[in-house]
Structures are given as structure tokens and as C-alpha cells.
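K.L.:
A single structure is presented below for examination.
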Amino acid sequence: MKKTMLMAAVASVSVTAAYAGEEPVLNVYNWSDYIAEDTIQKFEEATGIKVNYDVYDSNEVLEAKMLTGNSGYDVVVPTSDFLQRQIAAGAYQKLDKSKLPNLANMDAELMQGAEVYDPGNEYSVIYMWGTTGIGYNVQAIADRLGEDYEVNSWELVFDPEIVAKLADCGVTMLDAPSEMIPAAMNYLGLDPRSTDAADLEAGAALLEKVRPSIRYFHSSQYINDLANGDICVSVGWSGDVFQAMARAEEAENGVEVGYVIPKEGALQWFDMMAIPVDAPHPDNALKFINFIMDAQITADITNYVWYANGNAASMPLVDEEITSDPGIFPTEEAKARLWGSKVYDARTDRLITRLWTRIKTGQ
Ligand code: SPD
């Protein structure tokens with residue numbers, strides 16, 4: 001939908017809401033495995049608003065819906081770089097901050113960081129944040145690379161000889177081109193945020209080289225597969241790998257999962273709550289966002305999904321096991337090696353999509 005059409009749509013929705021009040025319904029579209037078991041129920045009990053909750057595991061899937069318009073969703077959770085591009089396309093409405101008193105709970109420094117993508121935090125609030133690193137099966141790696149092998153480098157997935165030794169136990173990568181190609185570029189010593197076509201081509205060429213050793217590209221299946229011991233290495237999102245760890249422990253199946261932010265550095269990203277410009281229930285959306293920013297509610301989510309959050313008031317309520325884990329809250333030294341998501345222009349985006357198809361299909 002064009003920007004003007006989206007604007008017109010929201011104008012008519014706001015008028016309807018102002019005169020008639022909103023039906024007690026809220027349509028939420030969030031990442032899979034990204035909320036506590038009882039969050040939605042608690043919101044419904046507190047507000048009487050019925051929530052329809054759908055999930056996705058790819059920014060590209062969400063973006064297609066946001067740019068087409070009429071998604072029917074009231075709250076969505078894009079990653080900050082995608083959010084920036086979607087804001088520019090007119091896909092979101094500004095937040096009425098007078099209806100978000102719990103904004104006072106947010107960590108000022110992290111919210112300031114998020115302003116790189118959303119100046120003034122006008123359209124969005126941090127939901128959770130994390131890194132893109134490597135999840136691995138401790139025993140399977142030791143069996144193949146030796147007991148003394150230290151998992152601390154992207155060589156595990158980008159060195160063709162090393163990854164070939166792991167192919168039989170299952171190596172997977174995220175189906176996320178704007179994360180995997182820059183990670184490969186970084187391993188080659190190139191700037192992971194470069195948009196130079198030659199740099200992107202070099203990253204893609206490395207991925208093509210290791211492609212024969214990759215079992216699949218998927219962005220959520222690896223959680224259970226790692227937990228069950230069906231795969232042994234995944235390029236994955238921090239909290240998801242920690243969830244795999246927790247599931248294996250709970251199953252008492254003898255699988256030990258580890259997560260590492262490689263020494264060469266990794267992507268740090270922020271997932272942001274935002275309200276589509278044509279959301280049918282924008283007031284309910286604000287109630288939901290404010291509810292999530294409650295210190296206890298956010299702490300409950302972090303304690304369940306193992307992702308860091310941007311809510312300073314919640315931190316004393318987060319399990320120490322989580323706050324003290326450098327895979328979830330990186331040390332200052334590790335932070336210095338993280339890079340932020342890059343917003344791609346249309347031309348670079350098209351190139352990345354083309355390269356990704358080539359990597360995955362070999363064409
Ligand atoms: N299961 C929840 C995964 C959340 C991942 N967020 C996407 C980060 C993209 N850079």
C-alpha cells in the first residue's frame with residue numbers, strides 16, 4: 001500500500017475509534033518462542049481485551065505484510081533496521097506517549113541506542129534484544145574436533161574444512177540473509193555493515209563454499225533440533241539457543257547445548273514493539289505495549305525466553321542465572337565487538353535477496 005493510502009486508512013480508523021470506542025480485541029503478531037506462557041492470559045484478565053496472537057520467524061515475512069498494508073495487526077515486533085525502513089514507508093503510527101506511563105521503566109541508554117533507527121523513539125519501544133551467535137552440542141563438537149577444541153570462533157561454520165567435519169551431525173543457519181551474509185563478511189575481515197557489492201559478493205561466495213556442509217536454513221526449527229540432539233551446530237539467536245539448552249535440561253536427555261558470541265564479533269539487534277498505521281485497535285495496542293513495559297511482566301518474559309530486555313525497572317526481578325550470563329548480557333569487552341544492524345537501501349536489498357537465493361539453491 002502506498003504511504004498516502006496508509007495515512008488515509010489510519011485517519012479513518014482513528015475517527016471510528018474516537019466515536020465508537022474500540023471492540024475489546026487485540027491482534028498481535030510477534031516472533032515465535034518470544035513470550036512467557038502466561039503473559040497473554042494476564043493481559044486479557046487485566047483488561048478484558050481478547051488477544052489473537054500469531055507468530056513469525058522472519059523479518060522479511062513481517063515486512064511483506066507491513067508494506068502491503070491491511071494486515072489486521074495492532075502490535076508487531078520488527079527488528080530495528082527493518083523498522084526504520086518500514087517507518088520511512090509510512091507503515092507505522094506515532095505512539096501516544098501520554099498513554100504509556102510505563103515508558104519510565106525503560107533503560108534510557110538502550111532507548112537512546114534505538115533512536116538510531118527511530119529518532120525520538122516516536123514509533124517504537126524495545127521489546128527484547130539479543131545477539132546472533134553460535135549454538136552447539138558440546139559433546140558432538142568434542143567428539144569431532146577433540147576434547148581440547150575451544151568453541152569461540154566463526155571458523156566453526158565458515159572454515160570449509162572445519163564445518164565439513166561437523167556436517168554429519170547437522171549444521172544449520174538462520175534463514176536471514178541480512179544476518180548471515182554480513183557474518184560471513186566479518187569472518188573474512190570485511191566490514192559487516194558494508195554495502196559495497198564486492199564485499200557482499202565475497203560474503204556470499206564464502207557461504208556458497210560451506211553450503212555442502214549445511215543441513216538446512218531455518219530460523220526456528222533449530223531450537224528443538226538442538227535440544228533433542230538432532231543437529232550439533234546452529235547459527236542462531238541468543239535466547240533461542242538458551243531455550244534449547246533449557247529444553248534439553250528439562251528432558252534430561254543428556255544433550256548439553258552451549259552458546260557463544262564468537263571472538264570475531266557478532267550482530268546485536270533490537271526487536272521493537274510498534275503499531276501499524278492501519279491497526280484496527282490502536283488504543284488496545286497502546287494498552288498492550290504499556291502492559292508489556294510493566295517491570296514484572298517484562299521480567300517474566302525474559303525469565304521465560306532467555307532474551308535480554310530494555311526495561312531497567314525489570315532487572316532486579318530477572319533471574320541472576322540470566323543477568324550473569326555473558327551469552328545473554330555480554331561483557332563490556334564482548335560488547336565492543338558487536339555490530340549493529342544495517343538498514344539497506346532498495347538496491348542493496350535486492351542484491352542480498354538475489355545472493356541468498358543463489359546460496360540456498362545453488363543457482
Ligand atoms: N524466537 C525469537 C527470535 C527473535 C529474533 N529476533 C530477530 C532478530 C533479527 N536480527
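K.L.:
What number of residues within segment 63-98 satisfy the criterion of being within 16 Å of the ligand (Cβ to nearest atom), in a strand (DSSP E or B) and farther than 19 Å from Thr353 by Cα?
P.N.:
Qualifying residue count for the region: 2.
K.L.:
Next question, about the same structure. Identify, please: which residue in segment 300-312 is part of a helix (DSSP H, G or I) and in contact with a strand residue (DSSP E or B) (Cβ under 8 Å, 6 or more places away or on another chain) and is, among those, nearest to Asp118 (Cα to Cα)?
P.N.:
Narrowing segment 300-312 to residues part of a helix (DSSP H, G or I): 300-305, 312.
Adding the requirement that they be in contact with a strand residue (DSSP E or B) (Cβ under 8 Å, 6 or more places away or on another chain) leaves 301-302, 305, 312.
On the way: Ile301: 24, Thr302: 23, Val305: 25, Ala312: 20 Å.
Among those residues, the one meeting the criterion is Ala312.
K.L.:
Continuing with the same structure: Among (1) more than 16 Å from the ligand (Cβ to nearest atom); (2) surrounded by fewer than 22 Cβ atoms within 10 Å (Cβ to Cβ); (3) in contact (Cβ under 8 Å) with a residue 24 or more places away in the chain, which single condition is Arg193 missing?
P.N.:
With (1) more than 16 Å from the ligand (Cβ to nearest atom); (2) surrounded by fewer than 22 Cβ atoms within 10 Å (Cβ to Cβ); (3) in contact (Cβ under 8 Å) with a residue 24 or more places away in the chain applied to Arg193, the lone miss is (1).
Residue-wise test of (1) in contact with a helix residue (DSSP H, G or I) (Cβ under 7 Å, 6 or more places away or on another chain); (2) of a type outside the set (D, E, K, R); (3) assigned by TED's automatic domain parsing to the domain that holds Ala295.
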residue: Phe43; (1), (2), (3): yes, yes, yes
residue: Val51; (1), (2), (3): yes, yes, yes
residue: Ser58; (1), (2), (3): no, yes, yes
residue: Val61; (1), (2), (3): no, yes, yes
residue: Thr68; (1), (2), (3): no, yes, yes
residue: Gln84; (1), (2), (3): no, yes, yes
residue: Lys99; (1), (2), (3): yes, no, yes
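K.L.:
Would you tally the residues in segment 226-244 being without any contact (Cβ under 8 Å) to a residue 60 or more places away in the chain and surrounded by fewer than 21 Cβ atoms within 10 Å (Cβ to Cβ)? Before the answer, list the steps.
P.N.:
Taking segment 226-244 as the starting set, the residues that turn out to be without any contact (Cβ under 8 Å) to a residue 60 or more places away in the chain are 227-228.
Of the ones still in play, those that are also surrounded by fewer than 21 Cβ atoms within 10 Å (Cβ to Cβ) are 228.
Summing the residues that are without any contact (Cβ under 8 Å) to a residue 60 or more places away in the chain and surrounded by fewer than 21 Cβ atoms within 10 Å (Cβ to Cβ) in segment 226-244 gives 1.
K.L.:
Would you call Asn290 assigned to a helix (DSSP H, G or I), modelled with pLDDT of 95 or more and over 20 Å from Ala104 (Cβ atoms)? Write out each step before concluding.
P.N.:
Details: assigned to a helix (DSSP H, G or I): yes; modelled with pLDDT of 95 or more: yes; over 20 Å from Ala104 (Cβ atoms): no.
Here the answer is no, as Asn290 does not meet what is asked.
K.L.:
Residues in segment 237-272 that are touching a Ser or Thr at 6+ places or on another chain (Cβ under 7 Å) and within 21 Å of Gly189 (Cα to Cα): how many?
P.N.:
Counting residues in segment 237-272 that are touching a Ser or Thr at 6+ places or on another chain (Cβ under 7 Å) and within 21 Å of Gly189 (Cα to Cα) gives 8.
K.L.:
Filter segment 314-345 down to residues that are outside any loop (DSSP other than H, G, I, E, B) and within 24 Å of Leu83 (Cα to Cα), then give me how many there are.
P.N.:
Kept after step one, since they are outside any loop (DSSP other than H, G, I, E, B), are these residues of segment 314-345: 314-317, 320-323, 332-335, 338-340.
Still in the list and also within 24 Å of Leu83 (Cα to Cα): 335, 338-340.
Residues in segment 314-345 being outside any loop (DSSP other than H, G, I, E, B) and within 24 Å of Leu83 (Cα to Cα): 4 in total.
Quick grid of which residues meet (1) surrounded by fewer than 17 Cβ atoms within 10 Å (Cβ to Cβ); (2) at pLDDT 95 or above:
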site: Ala8; (1), (2): yes, no
site: Ala11; (1), (2): yes, no
site: Tyr19; (1), (2): yes, no
site: Pro24; (1), (2): yes, yes
site: Asp57; (1), (2): no, yes
site: Val61; (1), (2): yes, yes
site: Val77; (1), (2): no, yes
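K.L.:
For segment 233-254, name all the residues that are under 16 Å from Ile134 (Cα atoms) and outside any helix (DSSP H, G or I).
P.N.:
Listed by number, the residues that qualify are Val233, Ser234, Val235, Gly236, Trp237.
K.L.:
Same structure again: If I filter segment 232-278 down to residues being within 16 Å of the ligand (Cβ to nearest atom) and among the β-branched types (Val, Ile, Thr), which single residue comes out as nearest to Met111 (Cα to Cα)?
P.N.:
Looking at the filtered set, the residue picked out is Ile261.
K.L.:
Checking the structure you have, find out if any residue of segment 327-345 is closer than 26 Å to Glu122 by Cβ and either crowded, with 24+ Cβ neighbours inside 10 Å or of a type in the set (Ser, Thr, Tyr) (or both).
P.N.:
So far as segment 327-345 goes, yes, one or more of its residues are closer than 26 Å to Glu122 by Cβ and either crowded, with 24+ Cβ neighbours inside 10 Å or of a type in the set (Ser, Thr, Tyr) (or both).
K.L.:
Quick check on segment 138-164: of everything there that is small (Gly, Ala, Ser) and outside any loop (DSSP other than H, G, I, E, B), which residue is surrounded by the most Cβ atoms within 10 Å (Cβ to Cβ)? I'd like the intermediate steps shown before the answer.
P.N.:
Step one: list which residues in segment 138-164 are small (Gly, Ala, Ser), which gives 140, 142, 146, 153, 164.
Within this subset, residues satisfying the condition of being outside any loop (DSSP other than H, G, I, E, B) are 140, 142, 164.
Numbers: Ala140: 19, Ala142: 14, Ala164: 13.
Applying the filter and picking the extreme gives Ala140.
K.L.:
Same structure, new question: Out of all the residues in segment 198-210, is one or more part of a helix (DSSP H, G or I), of a type in the set (Val, Ile, Thr), within 13 Å of the ligand (Cβ to nearest atom) and outside the structural domain of Asp325 (by TED's automatic domain parsing)? Steps first, answer last, please.
P.N.:
First, the residues of segment 198-210 that are part of a helix (DSSP H, G or I): 198-210.
Cutting the leftovers down to of a type in the set (Val, Ile, Thr) gives us 210.
Filter again for within 13 Å of the ligand (Cβ to nearest atom), leaving none.
No, the conditions are met nowhere in segment 198-210.
K.L.:
Hey, Gln112 hits all of (1) surrounded by 22 or more Cβ atoms within 10 Å (Cβ to Cβ); (2) away from the ligand (no atom under 16 Å from the Cβ) but one; which does it fall short on?
P.N.:
Just one mismatch for Gln112, condition (1).
The values are calculated or read from the model by the stated rules, or taken from the named source; none is laboratory data. Because the structure is predicted, anything quoted here is derived from the model rather than measured. Cβ sites come from the backbone with ideal geometry, for glycine too, and all protein chains shown count toward neighbours.
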